[in-house]
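*Asks:* The structure follows.
The values are calculated or read from the model by the stated rules, or taken from the named source; none is laboratory data. Because the structure is a prediction, the values reported are computed rather than measured. Heads up, the Cβs are rebuilt from the backbone with ideal geometry, glycines too, and the neighbour counts pull from every protein chain shown.
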Amino acid sequence: MSALARFVDGLNPVLVKEVRASLRGRVFRVLFSIVALGSVAIASILLADLASRSDDAYLGRQFFGAMYLCLCVAVLGFVPILAFLSMGSEWDEHTYELLEISNLKPRQIVLGKLWTAAIETMLYTSVFAPLLVFAFLLRGVDIVNALVVLSWAVLGSLSASALALAMSSLSRIRALRVVLLAIVAGGCVGLVALMWNLGEEVAFSSWRSGRLNPDLLTGTYATIVGFGLVGVVVAVERVTHAEENHSTAPRGFVTVALMVAQAWILYLASTGNMTREDLAVAVITQISGLALFHVCFCTERETLPRRVRSDVSANRWLALLSTPFLPGGGRALLHFLGSCALVFAGQWSARSLIPLSSSGWFRAFGEEPIRQVTFAGYLWILLAGISWIAVRWTNPRDGGSAAANWTLRRWVTRAAIPIAFVATLIGPPMIAFLAGHSFQTSDRLGMVNPIWTMDEGGMSTRAHGRSAAVFVVVVLVLALNGGRLVRGVREVWSASAERRAREGARP
């Protein structure tokens with residue numbers, strides 16, 4: 001066997017399968033031919049049209065903008081859609097069952113398809129890179145900036161492909177995947193427009209003059225990579241077998257992301273590049289994203305899957321520390337509480353680095369945290385309250401039809417949580433308007449709306465009353481879920497004891 005053959009056999013089998021299918025199939029070959037010939041034709045037309053113009057800067061910028069738009073359409077439009085169809089074909093052709101019984105891990109399946117998208121992206125980039133560099137020779141475009149926006153397009157293609165894989169893995173029903181495909185296609189159109197406008201703005205700015213903001217570079221790279229990691233984590237979770245651990249990786253990712261965010265916030269606060277208002281927006285954004293993930297986490301099956309139960313650490317203290325990261329709706333609530341504590345701890349640490357304003361200590365250190373804790377309380381009520389009702393409604397531990405119906409009712413619960421949040425936003429103002437009352441002066445209606453409660457602030461007596469009422473409901477919902485929390489911890493403790501017993505019984 002030749003060295004090349006051994007190298008190919010050592011690669012990810014899914015990657016080898018997908019690359020061979022792409023090269024032998026018609027879709028990629030036709031698209032690649034159209035893109036390659038079309039880009040050359042468009043470049044020739046532009047050069048012929050621009051040859052009569054005397055503005056050198058205009059020539060380079062016009063040529064670069066057209067070529068970069070074509071590149072964005074190829075790598076941010078075609079590649080993610082092909083990745084979506086690739087994952088969907090596993091369900092349509094009933095080949096995913098073969099992948100499940102193989103020795104491939106879920107992450108190998110997802111990464112194999114993602115590397116295939118990376119190869120397609122590099123093939124498209126190899127077509128457009130010489131044309132984009134040629135724009136530099138026409139002048140008007142900084143070569144460093146051009147390479148920066150080119151890297152954004154490549155990384156954006158990988159992130160968009162990862163999100164497309166995650167979207168395609170959400171359902172095995174073909175009719176629903178058609179709707180998801182339409183959503184992905186619309187997202188690709190918006191992404192192409194966004195990256196093209198951002199790329200033109202950056203490529204035409206001067207790197208040497210310092211007008212290219214370093215924060216823009218860092219933020220853009222972090223955003224692209226972050227969304228890509230979210231897509232990979234979700235896709236891996238969706239293709240994981242029901243009896244395997246499909247929850248620890250997403251929860252660990254959320255925790256790591258929050259820790260990175262706290263470190264970045266502390267850095268901005270220490271350098272004087274963050275105000276209290278910026279910090280408040282950052283905290284609300286983190287809590288909102290945290291709740292979005294926990295819509296799925298807190299509606300999981302309460303009991304540990306068999307394979308996960310056998311893998312719980314034999315060390316009782318390590319088992320307890322890992323409890324919030326193990327599958328289970330009750331354990332997800334523990335993870336949400338711990339994550340909120342991490343966010344608020346980072347907020348207080350960063351706030352101590354931000355100078356006090358003339359408005360006084362209470363407004364600087366009291367009012368805004370009250371708003372944010374109240375907002376987190378709203379989300380806790382929705383997550384823990386609605387999921388508690390769902391657990392009482394159907395207990396999948398009973399087996400039989402109850403376990404079968406839990407899947408459907410779990411998705412109903414997941415839809416009910418964001419619907420309830422939206423209802424609290426638009427419902428009270430509509431009721432106040434129809435009743436002819438002022439929503440701002442209505443304590444009962446204002447208490448239901450989280451945005452108005454935060455917007456009024458923590459200084460007024462009315463706002464204090466609303467926050468206190470929210471905290472009372474938070475404690476009530478916590479008491480209702482006390483049984484879930486205790487059962488989640490006890491199950492992990494029991495699984496750890498069982499493993500110690502098994503290991504002690506070994507000869």
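*Asks:* On the given criteria, is R251 modelled with pLDDT of 85 or more and basic (K, R)?
*Replies:* yes
*Asks:* For the stretch 138-150, which positions are assigned to a helix (DSSP H, G or I) and in contact (Cβ under 8 Å) with a residue 12 or more places away in the chain?
*Replies:* V144, N145, A146, V148, V149, L150
*Asks:* Shifting gears a bit: Can you name every residue in the stretch 162-182 that is under 21 Å from E120 (Cβ atoms) and either assigned to a loop (DSSP other than H, G, I, E, B) or of a type in the set (A, V, I, L, M) (or both)?
*Replies:* Within the stretch 162-182, A162, L163, A164, L165, A166, M167, S169, L180, L181 meet the criteria.
*Asks:* Sticking with this structure for a sec: Quick one: which residue in G186, G199 is buried (at least 24 other Cβ atoms within 10 Å of the Cβ) and more than 15 Å from G228 (Cα to Cα)?
*Replies:* Answer to the selection: G199.
*Asks:* Let me ask something additional. Regarding L216, is this residue among the hydrophobic types (A, V, I, L, M, F, W, C), over 17 Å from L85 (Cα atoms) and at pLDDT below 85?
*Replies:* So L216 passes the test.
*Asks:* What residue, of A495, A479, is at pLDDT 70 or above, in the same structural domain as L304 (by TED's automatic domain parsing) and loosely packed, with under 13 Cβ neighbours inside 10 Å?
*Replies:* Result of the check over A495, A479: A479.
*Asks:* Sticking with this structure for a sec: When you check R363 against the structure, is it under 30 Å from I417 (Cα atoms), at pLDDT below 85 and not acidic (D, E), yes or no?
*Replies:* no
*Asks:* Evaluate the stretch 381-392: report whether one residue or more is surrounded by 13 or more Cβ atoms within 10 Å (Cβ to Cβ), assigned by TED's automatic domain parsing to the domain that holds F297, farther than 30 Å from E243 by Cβ and modelled with pLDDT of 75 or more.
*Replies:* Yes, there is a match, as at least one residue in the stretch 381-392 is surrounded by 13 or more Cβ atoms within 10 Å (Cβ to Cβ), assigned by TED's automatic domain parsing to the domain that holds F297, farther than 30 Å from E243 by Cβ and modelled with pLDDT of 75 or more.
*Asks:* For a quick check of your reading of the model, give me the residue pairs whose first member lies in the stretch 20-31 and is in the same structural domain as S86 (by TED's automatic domain parsing) and exposed (fewer than 13 other Cβ atoms within 10 Å of the Cβ), whose second is modelled with pLDDT under 75 and outside any helix (DSSP H, G or I), with beta-carbon atoms closer than 6 Å and at least 6 apart or on different chains.
*Replies:* none
*Asks:* Among the residues in the stretch 86-96, are any modelled with pLDDT of 90 or more, farther than 15 Å from P13 by Cα and surrounded by 16 or more Cβ atoms within 10 Å (Cβ to Cβ)?
*Replies:* No.
For (1) at pLDDT 60 or above; (2) more than 25 Å from T323 (Cβ to Cβ); (3) not in a helix (DSSP H, G or I), each residue gets a yes or a no:
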{"position": "T424", "(1), (2), (3)": "yes, yes, no"}
{"position": "H437", "(1), (2), (3)": "no, yes, yes"}
{"position": "R462", "(1), (2), (3)": "no, yes, no"}
{"position": "R484", "(1), (2), (3)": "yes, no, no"}
{"position": "R502", "(1), (2), (3)": "yes, no, no"}
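*Asks:* Pairs, please: C-beta under 9 Å, at least 6 apart or cross-chain, first residue basic (K, R) and crowded, with 18+ Cβ neighbours inside 10 Å and in the stretch 344-356, second at pLDDT 80 or above and assigned to a helix (DSSP H, G or I)?
*Replies:* R351/A269; R351/L279
Yes/no per residue for (1) closer than 24 Å to A350 by Cα; (2) not β-branched (V, I, T):
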residue	(1), (2)
V236	no, no
A261	yes, yes
Y267	yes, yes
A291	yes, yes
R301	no, yes
